[in-house]
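Read the structure below first, then the notes.
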Amino acid sequence: MAERKRNWDKEDDLPVYLARPGTTDQVPRQKYGGMFCNVEGAFESKTIDFDALSVGQRSSRTAKTQNKREASQEVKSPDSEKTSPCTETLSGEPEPRDSGIEIKTTGGKEVLQNLDDLKSDRLLIKGGRIVNDDQSFYADIYMEDGLIKQIGDNLIVPGGVKIIEANGKMVIPGGIDIHTHFQMPYRGTTTVDDFAQGSKAALAGGTTMIVDHVIPDPGSSLIEAFDRWREWADEKACCDYSLHVDITHWNDSVKQEVETLIKEKGVNSFQVYMAYKDLYQMSNSELYEILTFLGELGGIVQVHAENGEIIAEEQARMLEMGITGPEGHVLSRPEELEAEAVFRAITIASQTNCPLYVTKVMSKSAGDIISQARKKGNVVFGEPITASLGTDGTHYWSKNWAKAASFVTSPPLSPDPTTPDYLNTLLASGDLSVTGSAHCTFSVAQKAIGKDDFTQIPEGVNGVEERMALIWDKAVVTGKMDENMFVAVTSTNAAKILNLYPRKGRIAVGSDSDLVIWDSDAVRTITAKTHNSAAEYNVFEGMELRGAPLVVICQGKIVLEDGNLHATSGTGRFIPCTPFPDFAYKRVKARKQLAVLRAVPRGMYDGPVSDFTPMSRGGTPSASTRTSPTKQTPPVRNLHHSGFSLAGNPAQRGAPTTEETPIRPAGRRIVVPPGGRSNITSLS
Amino acid sequence: MSATEDVPAFFKSMGSGSPKPRAKFCGMFCPVEGSTENKTLDFDSLPTGRSGRADSRVIDKQMDISTQSCRKKVEIRTSTGKEALQNLNDQSDRLLIKGGKIVNDDQSFYADIYMEDGLIKQIGENLIVPGGVKTIDAHGRMLIPGGIDVHTRFQMPDRGMTAADDFYQGTRAALAGGTTMIIDHVVPEPGASLLTAFDQWREWADSKSCCDYSLHVDITEWHKGVQEEMETLVKDHGVNSFLVYLAYKDVFQLTDSQIYEVFSVIRDLGAIAQVHAENGDIVAEEQHRVLERGITGPEGHVLSRPEEVEAEAVNRSITVANQTNCPLYITKVMSKSAADVIALARKKGSVVFGEPISASLGTDGSHYWSKNWAKAAAYITSPPLSPDPTTPDYLNSLLSCGDLQVTGSAHCTFNTAQRAVGKDDFTQIPEGTNGTEERLSLIWDKCVVTGKMDENQFVAVTSTNAAKIFNLYPRKGRIAVGSDADLVLWDPDVTKIISAKSHNSVVEYNIFEGIEVRGAPLVVISQGKIVLEDGNLHTTEGSGRYVPRKPFPDYVYKRIKARSRLAELRGVPRGLYDGPVCEVSVTPKTVTPATSAKTSPAKQPAQPVRNLHQSGFSLSGAQVDDNVPRRNTQRIVAPPGGRANITSLG
C-alpha cells in the first residue's frame, strides 16, 4: 500500500483515473478515456474550436497525441484495473483528507533543461475532476502563459512545472462576478473597496473575473468616464475585469459614444435606470430608443428595474410620516414596484426585439415575471445577487442603525424570509441565468450620511467574496442544482452573455487559465472579522457555508493556496467584449428576419373626407423632441403614401431608412387590384 | 289571443325558456313565505312598497292571467271598466307587468311588477293596483334590470369633428338594445376646466338624451386646479369616477408620478380611478416606426399597439393603485394578456375591475387587414381589437367567471368621411367603435347561449355590477321595490342579424356586421315608460335625467377602508446614531424624494432637508397622529433593556 502510494505520488506508474472510482461523492457523468471510453475524437469536438487564439492549432494537435497515448494506455491497463481499484481507493482516501492537495515542482534533469523559464508560468493540475457547465470528467490540465494548453491524461509536459495534485477535487472555471461597483464615487466619497481590495476579495472567494459598472455623471461623457474607470482598474485590479457602462442620460452625443464604446472600446453591455428619478432615470421613450439602438448594434441592455416615480412619491410619504430609518428604504420600495418595472422593461425589450438583462433580481415577484416572460419566449436574463440569494430584508428593522443601514441596496432585500430560497430555486431551474454580487460597500461613517433620512443612505451591499460559497451552500448542497449548473450560473452563462465564452467560463484548451479547485466539504463561517472587504459589516454575518475554494488560479498563477492570498495589484487585464453574443443574439436575429411588418395593398380611398382642425392628437406619433435623437421624420405625413403595393420589392421594405421612406412612383401608385378596382366606400 | 286561459302562466312557460328558473316565487316549489321579501331590498327612503303582499299565494286567481298559446308576443293593454274612469289622467305613468320571470343578479323568480312615477312600487302576485293601468303580459319571459352601459362617448368632440352619434342617436341605440342607462365620458381639452367641460356635457345630454345618464370625467392634465375641481365634482355634482390616460402621449397622457397623485386624491375623495391602459410612450415610438415602414393603413394601428403594451400599462396601473390603496377600474380590456393581468391581480387581492367592451367580446382585429379601407378603419379603437381570433371567447370566459366584472360599449362612432381624415396616416383616424346597441344581445349570445354564464350572471355583468361599482345600486341594476322602473323584457329565442342597414346608429359601418345573435329585448321600459315594443322605438329627446352618484360605494370601498386602517407603517425606535459621519458634497441625489414641482398639487413640497431630531420613532404612538411631529418628551425613548450601542456589530 505504502509502496503504491509512493508510486502514485511520483505520478507515473498508474493512470490517474484508476485511482479515482469511489473517491469522490459524485459519480462522474462522463469519463474521459476510461472504462466507458468515448468514441475517439468525441472529446475534441466538445473542446471549443478556438481559432481566434494562436494556441488553437496546437491544442488540436496535442489532443490527438494525447489520444494515441491514451489508447495505448487502454491496452496496457486491464489487468491492473482488475486488481487495483478497490484497494487503491481505500488506501488513497485518508491521505487527501488531511492535506487536500499538494503543490510541488518537478525535480530531476528536466529542471536543468528549462533553467530560464519562470516556474510559475507553467502549471499542471493532476487528478482533478474538471467541471464544466455541460459535463464533468477527470483529466489533468496543463497551463502555460496564462492559457490552458492541454487537457487529458498523462500529458507530455516540459520540466520545471509546478504541479498541483488535486486528488479528485473539482476543478471549476473561475467565477465571473458580472456586477460589481468597486471604487464607485458617491457624492465626494468612494466605496471602501477599491479595485485592489475588491478584486482581492473576489479572488478569495473563487471569482477570477469581475465586470464593473462605469457610472458617468449625468451630462458628462461616457468615454471619459470609461477611461477613468480603466485607469483605476488597470492600476489596481488583481484579476481580469471588464466593464459595463451605465447610460445615465440620453442624447445624440451619448448615442455616438455608445457606438464608439461598442466598436472600439470593447464594451457590449449598457445599463439603464428605471429608478433614481431626476437623476439617472430614463423615460419609457428613452428606454425604447436605447433598446432599439443597442438592439441594432448588438449590445446587451441591462436595466435597474424599479419604478422611480412611484418610489419618489412613496419616499416623500414615508418621510412625512416620520419614518427616517433604514426600514423606510424598504417600505418606500415595495417589491411590486420592482416587478412592475421588470414587466415594463420586458415589454419594451420585446417591442424593440432587443435582449434584456435585469440586474439585481431581489424579489419573488420580479423573479416570477422574468420566468413567465422566458416561458413566453422573450430573450431576457435575470441576475439575482449574492445578497438576494443569501439573506432577506428583515434586518432593515434591526435596532442597530448601522447594521440596518448596511443592508440598504436598491431594489431592497425583500422582507419576505422565503425569498432567498425561492430565488435559488429559480436559479437552479434556469429561469434566472447569472449571478452577480452588486458588491458596493460603504463604511458605517459613509452610510451615516443618511442617519436622519434613509433616502440619503448610500446604497450597496457586499457579496463578491461570498458569492460562490453561498450559491454552493444554498443550491448545490441542498440538491437544487448540480455542480455543472453551479458552474453555469457562476461563470459560464455570464461569459456567454458577455461574449467572452469560451475564453472565460470554461475549462478547455485555449481558454484562459482561470481555475478554481473547489472544496465541497470545507465549512466556513462568514464574518466581517475575517472577510477581505474593508467594510465593517457583512450582510451575511454569522452564516455557516459549506464549500470553499481551495486553490484559485488566475491568469495561470496561483493566487490562493492554503488560505493565503498572493494577489498582485495591477495584474488584472481589461477583457474587451465584442457585440452580438450568440447566446443572446441568435434568437434575436432570427426574429428580426421574421418580424417584417407588411402593409395591406388597398386602392386609394376616394370618398368624402371630413374637415378637421389638425391639433392635439396630431402630436401623438412623434416622440417628444427632447428625447428623440434616433429619428427626425416630420410629423406631417405625405398624403400620397397610402396605396401600398405588394409588388414592391421586399428589400426596400425590409430596410427602412429614416430619410427615405418609400414614396412610390406615380405609375405604381394607382394599382388596380386583380378583379378590377373595388369600390372602396361600399359596404362589404 | 287576448283573454281566455285555463292554465297558469308559469306552467306554460316551463321548459320554454332554456335556462331553468332557479327559485320560483309561489309555484310548485314554493319558497318559504316571505323569503322573497327579504331579498327585495329595503328601500326606506322611498315611501312606497309594502302593499300587495297579502294574498301572494293564491294560485287559482292567476288562472285568469291571459296567456298566449305559442306566438311570441306580449300584449300590452289597458284595463277597462270602472277603474279606467277613476284614473283618467295618468295612464302612461302606471304600468303592470304580469307573469314575468324577474331575473336579478342573485336569483330569478316569478312575480308581477307594478310601476308608478318611474319607480317600482310593488312586486308580488295578484297585486292590488289602481285602475287605468297599462298591463304587459310577459308570459313567463324574463324581466331583467335595464342594461347600464358604463362607457359611452356620444357626441365626443375630436379635432373639430364630433362623434357621429350624439346623445339622441346614441341613447336611442342604447334603448333599442335594452340599455336604459349610459355613463358617458366628459373629455375636457387639456388646459380647459373640468367643471366647464362637465357643464357642457350636461347641457348636451340634458337636451338630447332619451335615457338616464351619468358622467365620468377624464383627467387630461394634472395640477392643483384640477384637484380642486375634482373635489367640487365629487361633492356637488355627483361624479364619482375619473379616468386617466396612460396613452395619447403629449395629449392626455399622465406620468406615473401624476397618476400616483391622482389616485391618492381619488382615494381620499372616495371615487373610482379608471384608466385607459396602454403605454403611450411605446405606442408613440411604434407608430413612428410603422409609419417609417410605409404602413399607413388601419393595420398600422394594431401593429403599433401590440397587446403587450396594453398588458404592461394594466400591470403598471395596478401597481400604482396598490401603492395608493385606490380602487382601480380598467376601461376597455381588449386582449387576453391584459385580462390575465387583471385576473392575476384580483387573485392577489387587488381591488381592480375590468371592463371588456362589446367590440372585444364580439369581434377581433383581423378586420384591420381588410382590403376595404373604410371597413378596416371602422374597427379603429384604442386599445385595438386583438388580431387573435380566440380573444373574444377568452374574454367572455373571464367575464363569466367573474374575473372581469362589467361591460361597456365604448360606443364612439365616426362616419367614413370623418375616419378618412386618416386615410393616409392611421394615427389620424378618429378612434372608436359602435356597440351600445349590440352589447346585451352579444353577451347573451356569446355567454348565456353557449352556457358560459347563467341569466343571473348576465344581469350582473350587464347592469348590477356597474350599478354597484358606481354607487347606483339598488336604484339601478336591480328589480326591487323602490328601484327605478328601468326594465327589459328579454326574449332569449329571437335571432337577428346585426347589420348597419338596420341599426340605430348613424354610421355606415357596423363592426358586428353579419353576426347572428340570439336574444333580444322585446319590451324596454325606461323611467316607467315603454320605449320599445314590437320593434318600435318611442323615445323622447331630452327625457333622460342626470343621475348623480355618491362617493365611497360600498362595493368598492369597504375593502379599501379596512385596508387603510391596517396599512399603518411604523418606524423602528432606535437610539440616535452617534458614530462618525462622512462629509458629503451636495449633489443631485437629494432631489430624488421630492416630486417634480410642476406635477405635485397633492402635497405641499416636502422639504428635502429633514428635521434632524425626528429620528427616534416610538412604537407606542403610531396611530392617528402619525404625521404630527413627535413631542419632545417622546423623542428620547430608551429602549427596554437600556440604550443600545448603535455602532457595535449586531
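What is the Cα radius of gyration of the range A:327-411 over 2.2 N^0.38 Å, N being its residue count?
Values: Rg = 14.5 Å, N = 85, 2.2 N^0.38 = 11.9 Å.
Normalised Cα radius of gyration, the range A:327-411: 1.22.
Note on the range A:445-559: along the principal axes its Cα atoms extend 55, 32, 29 Å, ordered by decreasing extent. Counting Cβ atoms of other protein chains within 10 Å of each Cβ in A:279-286 and taking the mean gives 4.
Taking other Cβ within 10 Å of each residue's Cβ, how do B:Lys423, A:Lys529, A:Lys447 sort, fewest first?
Details: B:Lys423 26, A:Lys529 10, A:Lys447 30.
Arranged by neighbour count, lowest to highest, B:Lys423, A:Lys529, A:Lys447 become A:Lys529, B:Lys423, A:Lys447.
Within 10 Å of the Cβ of each residue in B:293-306, the mean number of Cβ atoms contributed by other protein chains is 5.
When the Cα convex hull of the range B:407-562 is projected onto planes of every orientation, the mean area is 12.4 nm².
Counting every other Cβ atom within 10 Å of each residue's Cβ, B:Met334, A:Met481 order from fewest to most as A:Met481, B:Met334. Sort out for me the Cα centre separation of the range B:507-547 from the range A:163-203, rounded to whole Å. Taking the Cα centre of each part, the range B:507-547 and the range A:163-203 sit 74 Å apart. Note that the range A:205-287 shows a convex hull volume over its alpha carbon atoms of 107 Å³ per residue. Which residues' amide hydrogens lie under 5 Å from the amide hydrogen of A:Gln150, considering only partners 5 or more residues apart or on another chain, with H built in the peptide plane? Placed amide hydrogens put A:Tyr142 under 5 Å from A:Gln150.
The order of the peptides A:320-328, A:374-382, A:199-207 by mean Cβ neighbours within 10 Å, most packed first, is A:199-207, A:320-328, A:374-382.
Just counting partner chain Cβ atoms within 10 Å, what average do the residues of peptide A:350-358 show around their Cβ? Intermediate values should be presented prior to the final figure.
Details: counts 4, 11, 4, 0, 0, 0, 0, 0, 0.
The per-residue average across the peptide is 2.
Given the peptides A:161-173, A:489-501, B:107-119, B:229-241, arrange them by the average over their residues of other C-beta atoms within 10 Å, most packed first.
Values: A:161-173: 24.7, A:489-501: 26.4, B:107-119: 22.0, B:229-241: 19.2.
The densest-packed peptide leads the list: A:489-501, A:161-173, B:107-119, B:229-241.
Rounded, prolate or oblate for the range B:301-354? Axes are the square roots of the Cα gyration tensor eigenvalues, ordered a ≥ b ≥ c, and the cut-off for rounded is a/c under 1.5. Prolate, because a/c is 1.5 or more and a/b exceeds b/c. When each of the peptides A:141-149, A:358-366 is scored by the mean number of other C-beta atoms lying within 10 Å of its residues, the order from highest to lowest reads A:358-366, A:141-149.
All C-alpha to C-alpha distances of the range B:94-166, sorted into 10 Å bins beginning at zero, yield P(r) values of 18, 36, 17, 17, 11, 2 percent in whole numbers.
Given N residues in the range A:516-608, what is its alpha carbon radius of gyration divided by 2.2 N^0.38 Å? Don't skip to the answer; put the middle values down first.
Values: Rg = 27.4 Å, N = 93, 2.2 N^0.38 = 12.3 Å.
Cα Rg divided by the expected 2.2 N^0.38 Å: 2.22.
Could you tell me the center-to-center distance, by alpha carbons, between the range A:490-513 and the range B:319-342 in angstrom? Using only Cα atoms to place each centre, the spacing works out to 44 Å. For the range B:350-456, report the % of Cα-Cα distances exceeding 19 Å. Counting every Cα pair in the range B:350-456, those more than 19 Å apart make up 46 percent.
Any read-out appearing in this document is the output of simple, stated calculations on the displayed coordinates, not a laboratory observation. All figures in this text were calculated on a predicted structure; none of them were measured in a lab. Ideal geometry is used to build each Cβ from the backbone, glycine not excepted, and the neighbour counts take in all protein chains shown.
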